[in-house]
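Reading through the structure tokens given below for one structure.
The values are calculated or read from the model by the stated rules, or taken from the named source; none is laboratory data. Because the structure is predicted, anything quoted here is derived from the model rather than measured. Every residue, glycine among them, receives a Cβ derived from its backbone with ideal geometry; neighbour counts consider all protein chains shown.
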Amino acid sequence: MLSPLSVALLALPALLLYLYSALSYRRLKQYANFPQLKPSIVWGHLKAINEHHVKRNEKDSQLDPTMGDMLEEIGNPPIMLLDLRPVSRPLLVIRSHEVAEQVSRQSKMWPYSAPKSDTMMYLTPLLGEKSIVMSQGSGWKDMRKHFNPGFAPQHLMSLMPVILEKTQTFLAKLDELVRTGEEFELEPLCTNLTFDIIGAVTMDVDLNAQLPEDQQIEFIKGYKEFLTSYREGSGILKWWENPQLGRKRRRLAKSCNVFLEDVIRRKFNDVKQDKGSSSRSILALSLKDTQVLTQDIIDGTKDQLKTFMFAGHDTTSILLQWAFYELSRTPRAMKSLRTELESLFGQDLSPEVVREALLARGEEITQKMTYTSAVIKEILRLYPPAGTARLCPPGANFHLQLPDNSSLCVDGMVLYNCATLIQRDPDVYGSTKDDFVPERWLGNTDTSMATNDDEKMGIGKAGENEIPAAAWRPFERGPRNCIGQELANIEARVILASVVGKYVFEKVGLGEATLDEKDRPIINEKGQYRSNTQLYNTRQITARPVDNMRVRVKHQALTGA
């Protein structure tokens, strides 16, 4: 009679053969009809991702361009499968706006578009369990309806004085940096500015984020530390996550929650006592019809404030950094922008003149800022902070139709609408797909929520000089487009108008201009300053300049321009 050990040894080859066969099926046959690089039977596409990422030789760069390289290697199909198992579910990278539209639009199966992916759960400490970003179905719809009035364009225009007030502090800091001539990181300045604006707009609270660090309130210090913690580890995989990092995030989340709960209670009391009748904050509007402030309402409101705090400062800060950079190295675009501003404000583009004009007739002026809007739209095309990840549940029987009319079932996959690749599609943007060309949007500068949710404009082929609406999606499209996109657009217009008439930025380090023998920037064939290095994005939750946008700043009058 064989011993148990002998039986086990005899069975081992059969077990190994079974495991190999199962793994071989999963890697090589299960998704064989999807466009993809040849997978490793052990690593899937994890090894290929690492190899292609290393080839780019861009330390700490985001993965979207790496995925673009992989797509190019297999002929630029509209989609590409990445087998990330066992690390994560299979990921379908979508670079076609026609396919992306099928994911983001409403359907009979999903009235509010495809469900959000649970890969977002690593942001729960930062955004909260009840965040509008995480919510699904009718719960999301009710939440969106509740907060929509606070983000209505007409209401946001009434907040112009707040935006201008916070911008004055930003300009004062630039003046000091002009005086010292030192190089500095633009990111903290832009982030502190947009923090101040979003705090005032959402909560009617002066966060004083632009004060020197030793004078900032604990909430701001803690929140910045919270954001920085996402550089230390993705947190996507709980079994890989540093337990100490998890404890740190929970501690910071608790501190953040205490501050916000106090703000909510005080604002509720003001609203009930009619002290807040003049408040135009999103929080005040959301509490207006609340009769009893339950803990459930507090928790839900708190999570939305955290979400608005993050998304509301992040997108605009990144947009401003890249806008100042691209304008600083593209003289023709800067000239066109200043020409437009002079037509609206007069020859004197000093911040004081711009401020008074915007206070007097802000809505009228911002609606006429067509080239400014084209600059904003082009920056968001080239440098979208993020795409969207949706999850197609197993058994859903959801099919995506490809441009060649073939159809693929994507059940069990994470569907990644990769805005970085969609918005640089050569089939749409041609040979200038990687170039800063605001002029491409003239005649189509609308970035409003209504246009971004227009299903009728979605997937049609572009005519001459036309770009399909679905090929521009930095705020995503469909029912779940970004609730705060109008605020970002208004902020960007106001801040750009306040800055570009007086200040000129010069890039330092990555992406800085190459100079000739007379120390003048050399213009390349695209009308931009030549550079021997390329500035690129890294990732800290969202995509942002890898060097925090190191620059110097001068007054326009001192540049001789």
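Computed values, structure above
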{"read-out": "Contacts under 7 angstrom Cβ, first residue in the stretch 34-59 being on the phi > 0 side of the Ramachandran plot and in contact (Cβ under 8 Å) with a residue 24 or more places away in the chain, partner surrounded by 13 or more Cβ atoms within 10 Å (Cβ to Cβ) and assigned to a helix (DSSP H, G or I), 6 or more apart", "value": "Gly44/Arg27"}
{"read-out": "Residues (β-branched (Val, Ile, Thr) and in contact with a helix residue (DSSP H, G or I) (Cβ under 7 Å, 6 or more places away or on another chain)) located in the stretch 284-341", "value": "Thr290, Ile298, Thr301, Thr307, Thr315, Thr316"}
{"read-out": "Residue check for Ile197: in a helix (DSSP H, G or I), without any contact (Cβ under 8 Å) to a residue 40 or more places away in the chain and within 23 Å of Ile282 (Cα to Cα)", "value": "no"}
{"read-out": "Residue ID - farthest from Val99 (Cα to Cα), chosen from residues in the stretch 52-86 that are at pLDDT 95 or above and over 26 Å from the mean Cα position of the chain (by Cα)", "value": "Glu73"}
{"read-out": "Set Phe151, Phe170: member being of a type in the set (A, V, I, L, M, F, W, C) and closer than 27 Å to Pro468 by Cβ", "value": "Phe151"}
{"read-out": "Candidates Met120, Met109 - the one that is under 17 Å from the mean Cα position of the chain (by Cα), among the hydrophobic types (A, V, I, L, M, F, W, C) and closer than 28 Å to Gln423 by Cα", "value": "Met120"}
{"read-out": "Residue pairs meeting the criteria (Cβ under 7 Å; at least 6 apart or on separate chains; first under 16 Å from Lys166 (Cβ atoms), in the stretch 352-364; second not in a helix (DSSP H, G or I))", "value": "Val354/Gly501"}
{"read-out": "Search result, residues across the stretch 372-405 that are buried (at least 20 other Cβ atoms within 10 Å of the Cβ), of a type outside the set (A, V, I, L, M, F, W, C) and in a strand (DSSP E or B)", "value": "Thr388, Arg390"}
{"read-out": "Residues of the stretch 318-351 classified as in a helix (DSSP H, G or I) and loosely packed, with under 13 Cβ neighbours inside 10 Å, total", "value": "3"}
{"read-out": "Enumeration of residues in the stretch 87-100 that are at pLDDT 95 or above and within 15 Å of Val414 (Cα to Cα)", "value": "Pro90, Leu91, Leu92, Val93, Ile94, Arg95, Val99, Ala100"}
{"read-out": "Qualifying residue in the stretch 425-433 (condition: within 23 Å of Thr372 (Cβ to Cβ) and at pLDDT below 95)", "value": "no"}
{"read-out": "Elements of type strands (runs of 3 or more DSSP E) in the stretch 499-546, at least 1 residues being in contact with a strand residue (DSSP E or B) (Cβ under 9 Å, 6 or more places away or on another chain), buried (at least 19 other Cβ atoms within 10 Å of the Cβ) and β-branched (Val, Ile, Thr)", "value": "503-507"}
{"read-out": "Near pairs, Cβ below 8 angstrom, 6+ apart or cross-chain, from the stretch 204-229 (at negative phi and of a type outside the set (A, V, I, L, M)) to any residue that is assigned to a loop (DSSP other than H, G, I, E, B) and modelled with pLDDT of 90 or more", "value": "Gln215/Asn208; Gln216/Asn208; Gln216/Ala209; Phe219/Leu207"}
